[in-house]
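First comes the structure, then the notes that go with it.
The values are calculated or read from the model by the stated rules, or taken from the named source; none is laboratory data. Owing to the predicted nature of the structure, the values given are computational and were not obtained by experimental measurement. Using ideal geometry, Cβ is built from the backbone for each residue, glycine included, and neighbour counts are taken over all protein chains shown. What goes into the accessible areas is simple: the full protein's heavy atoms, side chains included, and nothing from ligands, DNA or RNA. Shrake-Rupley method; radii C 1.70, N 1.55, O 1.52, S 1.80 Å.
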Amino acid sequence: MIRAVLLFLFVLGPSVFASKPNVVLFLVDDMGWMDCGAYGSQYYETPNIDRFAKRAMRFTNAYSQPLCSPTRASLLTGQYSARHRITSATGHQAPQPEGHVFLKETAPPTQPMLTPESKNFLEPTQITLAEALKSAGYRTAHIGKWHLGLTQPHWPEQQGFDVAFHCHPDPGPPGNYFSPYGVTAEGNPTAKSKVGTITDGPQGEYIVDRQAAEAVKFIAASKGGPFFLNLWCYGVHGPWGHKEDYTKAFMAQKDPAGRQGNPIMASMLKSVDECFGRILDELDKQGVADNTIIIFTSDNGGNTHSNITTEGKKSANADWRKWAGTQPPTNNTPLRDGKGTLYEGGTRVPMMWSWAGKIKAGSTSEAVVGCIDVYPTVIDLLGIAKPDKQTFDGISYAKVLKGEGELKRAAYFNYHPHAGANKAGGVWARSGDFKLLRWFGNPDPLELYNLKDDISEANNLAAKMPGKTEELSALIDGFLKDTGATFPRPNPAYKPVAAKTPAAKTDPLDNWKERGCKATVQDGILTMKSTGKPGSAFLGHGMPKMEAPAVVTLRVRSTNGGTGRIDSLPKTSADASIVHSTPLALKAGHWQELKVELKEKAPLGTLRVYLPDSDIDFIEVAPANGKPQRWDF
């Protein structure tokens, strides 16, 4: 009888002994909300992430901080950045000494605002998620980017991790993604001398592949008991090292939606997806997949600002231009802007959770959640008590995950005092469908959006809805007070210098000519409405010094959608004997960024942009040879 029971337990595998579920947190660097198939991309290939989504709960309103270090600190502490004070991507800089003043009382008279300095390290007194799990009997590992402290007292080993694979300084990966990584075990970490536990692999090994191998090794070695794997992927951050064979394949592909098309980003996401897939496969192999809570998310919104017109001397820039031209890393449409901003494109991220038999497979939640909630939610699911000395801003949404109730939250906040006017940044509160953005040091400090109706944040309702604006503004006041935020404030020593009055802009269309339509500009948006036959309305501009091939990029919105085209008349606008025409299509509704390739090698001459009735944020023309030109109306 005893032998029969033992045989039965052997057949069940190691998971029968592990009453406590394992935890895997997989964090991607700079992955945007739209950067996988599960969230709507039709260009990037992410089969492993997509198959995971079929067994997970997918959140559509999940938030990070605008930059990586603040998000990472929030994941491990359960706190807003305003409380833990890591407010920018400064975890690779020297830690400030004890007694350091992070918000000076004065500044030079040329600086209008006093702006706080970000803390460069995670405070050792914080009781991290890793420490909480370790105290509960978990074996813990951190693999990858850390960015929460340059020097050894602030490394992951001192924050609750038994196993750690990392190096410093670490805003990006060592070795530009490829082995040899050049990391030493001891020494003083500097930009030219990385120090940590990463060892070289075979010549040309890709660091994301190595992360997968280290994760697999840790899972295999931990199958006898519960473990916490904290894998913070180096991809897809700069300097954008990529496997060229993957990149070549994506060069030949097009996005049917016309949004994304950067082959370097597609290549890097493919490698990230393979890393995640190897972890999923190893969990299956070890028989612990069903007893593992898996969390997949990103540290901030997709990068839409790097490498657009870079002419620098680094070889990475030449490589970028070879494969991606003047494209930014990704496109977050329909979300506004990207990484480093407080708009949705900078803070809304993918977030998925799975736990077999506990979290409904293939489900979706619209609950507003974020990085501050991961710690309290994990320990709630595991039945681990909150550490007495740890303050949480986040709340558990375990009931949402298990289908046992809704998340009751008055508001979610995001704080980033390092951008915008006077580099003073801002803060936002989201309550229900409404989001109020308050800028510090900005002449127009308030922006209110109904995200349910206006996910692109195009229609500021602050003046039209003063009651809602006042309600959310009061919530922001309470947030700043409760967290003790060192928020920007006016510099008492500031002495404004009388500026020369700029010449009035005599042509709001910036030399674009309206034909068959009426074009007006208001608040930086050009609106064109047809006055003639359907399909005859266009904006024209002479470009005698530019030549195709070129890429025309437009950020545009059309209520009804429709078709259009871009014509190039190489001779003159009066001579239509030669016309190179490229069609385009507009979807109805949200803002979208269109990229139209003009492939015919010839002078652009006169460019005509034919559109249905539309709003235009900007037009950019980027020739293959030469500097791009952009019109922000």
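Test each condition in (1) surrounded by 24 or more Cβ atoms within 10 Å (Cβ to Cβ); (2) out of contact with any strand residue (DSSP E or B) (no Cβ under 9 Å at 6 or more places or on another chain); (3) more than 14 Å from residue 372 (Cα to Cα) for residue 86 and report the one that comes out false.
Looking at each condition in turn, residue 86 falls short on (3).
Tell me, please, whether a residue that is small (Gly, Ala, Ser) and free of Cβ contacts under 8 Å to residues at least 60 places away in the same chain can be found in the stretch 481-500.
For the stretch 481-500, residues small (Gly, Ala, Ser) and free of Cβ contacts under 8 Å to residues at least 60 places away in the same chain: present.
Quickly run through the stretch 499-521 and pick out the residues that are at pLDDT 85 or above and either open to solvent by 60 Å² or more (accessible area, probe 1.4 Å) or assigned to a strand (DSSP E or B) (or both).
508, 511, 513, 514, 515, 517, 518, 519, 520, 521
Which of the residues spanning the stretch 130-161 are under 17 Å from residue 89 (Cα atoms), among the aromatic types (Phe, Trp, Tyr) and touching a Pro at 6+ places or on another chain (Cβ under 9 Å)?
The one that is under 17 Å from residue 89 (Cα atoms), among the aromatic types (Phe, Trp, Tyr) and touching a Pro at 6+ places or on another chain (Cβ under 9 Å): 146.
Suppose we keep only residues that are within 27 Å of the chain's Cα centre (by Cα) and polar (S, T, N, Q) within the stretch 174-196. Which one would you say is nearest to residue 93 (Cα to Cα)?
Result: 190.
Kindly establish whether residue 400 is of a type in the set (A, V, I, L, M, F, W, C) and under 21 Å from residue 66 (Cβ atoms).
It is false that residue 400 is of a type in the set (A, V, I, L, M, F, W, C) and under 21 Å from residue 66 (Cβ atoms).
Pick from the stretch 366-422 the residues that are among the charged types (D, E, K, R) and under 16 Å from residue 80 (Cβ atoms): which of them is most open to solvent (accessible area, probe 1.4 Å)?
409
What's the number of the only condition in (1) part of a loop (DSSP other than H, G, I, E, B); (2) crowded, with 24+ Cβ neighbours inside 10 Å that residue 55 fails to meet?
(2)
One residue is enough: does the stretch 123-131 have a residue meeting the conditions surrounded by fewer than 24 Cβ atoms within 10 Å (Cβ to Cβ) and closer than 25 Å to residue 425 by Cα?
yes
How many residues, within the stretch 590-606, are more than 18 Å from residue 260 (Cα to Cα) and open to solvent by less than 70 Å² (accessible area, probe 1.4 Å)?
5
In this structure, does residue 528 turn out to be within 35 Å of the chain's Cα centre (by Cα) and either modelled with pLDDT under 90 or part of a strand (DSSP E or B) (or both)?
Considered against the rule, which asks whether it is within 35 Å of the chain's Cα centre (by Cα) and either modelled with pLDDT under 90 or part of a strand (DSSP E or B) (or both), residue 528 comes out as yes.
Among (1) hydrophobic (A, V, I, L, M, F, W, C); (2) crowded, with 17+ Cβ neighbours inside 10 Å; (3) in a loop (DSSP other than H, G, I, E, B), where does residue 296 come up short?
(3)
What strands (runs of 3 or more DSSP E) completely inside the stretch 138-241 contain at least 2 residues that are small (Gly, Ala, Ser)?
Ranges flagged: 139-144.
If you take the residues of the stretch 600-633 that are among the basic types (Lys, Arg) and within 23 Å of residue 528 (Cα to Cα), which of them is modelled with the highest pLDDT?
That would be 608.
Please go through the stretch 237-265 and give me each residue that is among the polar types (S, T, N, Q), more than 21 Å from residue 204 (Cα to Cα) and either under 22 Å from the mean Cα position of the chain (by Cα) or surrounded by 24 or more Cβ atoms within 10 Å (Cβ to Cβ) (or both), ordered by number.
If the condition is that a residue be among the polar types (S, T, N, Q), more than 21 Å from residue 204 (Cα to Cα) and either under 22 Å from the mean Cα position of the chain (by Cα) or surrounded by 24 or more Cβ atoms within 10 Å (Cβ to Cβ) (or both), then 260, 262 are the ones that fit.
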